[in-house]
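Where a number appears in this text, it was derived from the coordinates with a stated rule and is not lab data. Because the structure is a prediction, the values reported are computed rather than measured. Heads up, the Cβs are rebuilt from the backbone with ideal geometry, glycines too, and the neighbour counts pull from every protein chain shown.
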Amino acid sequence: MENQAQILVVDDNPEIREIIQVLLTAEGFTVTEAADGPAALKTLTTQEFDLIILDVMMPELNGYQTCLKIREQSNAPILFLSARSADSDKTLGFSSGGDDYLAKPFSYSELLSRTKALIRRYQVYRGKPPEDASACPDTLSVRNLTIHTASSSVLLGGMPVDLTDTEYALLLLLATHRKQIFSAEHLYESVWQEPYYYGAANTVMVHIRNLRKKIEKDPQNPLFIKTVWGKGYRCE
């Protein structure tokens with residue numbers, strides 16, 4: 001259940017960590033704190049989390065660098081918090097493996113909304129059947145790519161592919177509806193389960209690019225996920 005989820009909050013500002021901890025604990029979440037990137041990485045060696053809330057501006061290892069290292073050992077969703085909200089900053093966050101980006105200052109309701117959406121999707125990704133599971137076959141195959149929906153696992157040429165929950169959700173949606181063109185708006189609202197906003201197209205683009213790096217032999221000339229210029233994306 002969402003309110004039983006384990007959340008790791010990484011921020012060098014103790015006041016921000018305390019505010020987030022109080023807010024999320026009141027909602028029933030279990031919160032662990034880390035004061036910087038190295039402390040977070042050490043915590044991840046002994047404990048699993050359903051969500052990592054990660055500040056960008058930190059000493060020693062910044063949030064982007066920490067995210068890259070986290071992705072070497074965990075696929076848990078990562079929500080960036082940052083006072084820097086330019087599109088280029090968000091793109092850098094998504095490129096390093098983040099799932100969502102929330103600009104400071106943020107409202108409590110917005111933080112809760114993003115937190116619950118990311119955890120809900122991750123729980124589905126880890127094996128909790130989606131509400132429309134009956135409409136999705138146990139196995140989907142696209143050329144030499146196989147998706148096992150029961151275990152939320154992906155094989156490429158028989159070898160496992162390590163995807164984040166966001167990448168898996170995008171791939172599953174596109175593969176379930178092969179040949180159908182999905183606009184960036186449709187993909188964003190379906191996968192992120194939030195209203196489309198200015199800049200969300202770039203968010204989708206970066207995650208598609210990350211997914212292609214993992215499943216395509218030549219990401220510049222993709223065989224699985226094609227870009228339909230001016231319209232969106234489709235799975236061949």
> Based on Cβ point charges of +1 for Lys and Arg and -1 for Asp and Glu, what charge dipole magnitude is obtained for the stretch 134-235 about its Cα centre, in debye rounded to the nearest 20?
Replying inline: 500
> Tell me, what is the percent relative contact order of the stretch 134-235, built from C-alpha pairs under 8 Å that lie six or more residues apart?
Replying inline: 24
> For the chain, list the DSSP H helices whose alpha carbon atoms reach 15 Å or more along the long axis and whose average Kyte-Doolittle value is 0.5 or above?
Replying inline: 14-26, 165-176
> Based only on the alpha carbon positions, what is the Kirkwood hydrodynamic radius of the stretch 2-125, in angstrom?
Replying inline: 14.1
> For the chain, what does -39500 (n - 2.57) per DSSP helix run (n ≥ 4), summed and divided by total residues, give at 222 nm, in deg cm²/dmol to the nearest 500?
Replying inline: -12000 deg cm²/dmol
>> If I build a Gaussian network model for the chain, linking alpha-carbon pairs within less than 10 angstrom, which residue out of 51, 92, 79 has the largest mean-square fluctuation?
In response: 92
>> Order 66-73, 175-182 from most to least packed using the mean count of other Cβ atoms within 10 Å.
In response: 66-73, 175-182
>> Could you give the length gained by full extension between residue 48 and residue 217, i.e. 0.36 nm per residue of separation minus their alpha carbon distance, to one decimal place?
In response: 57.7 nm
> Per 5 Å bin, what is the whole-percent P(r) computed from every C-alpha pair distance within the stretch 39-89?
Replying inline: 4, 19, 33, 25, 13, 5, 2
> Which number do you get for Rg(Cα) / (2.2 N^0.38 Å) in the chain?
Replying inline: 1.00
> Taking the mean number of other Cβ atoms within 10 Å as a proxy for protection, how do you rank 25-38, 4-17 from highest to lowest?
Replying inline: 4-17, 25-38
> Roughly speaking, what % of Cα-Cα pairs in the stretch 134-235 are separated by over 20 Å, rounded to a whole number?
Replying inline: 33
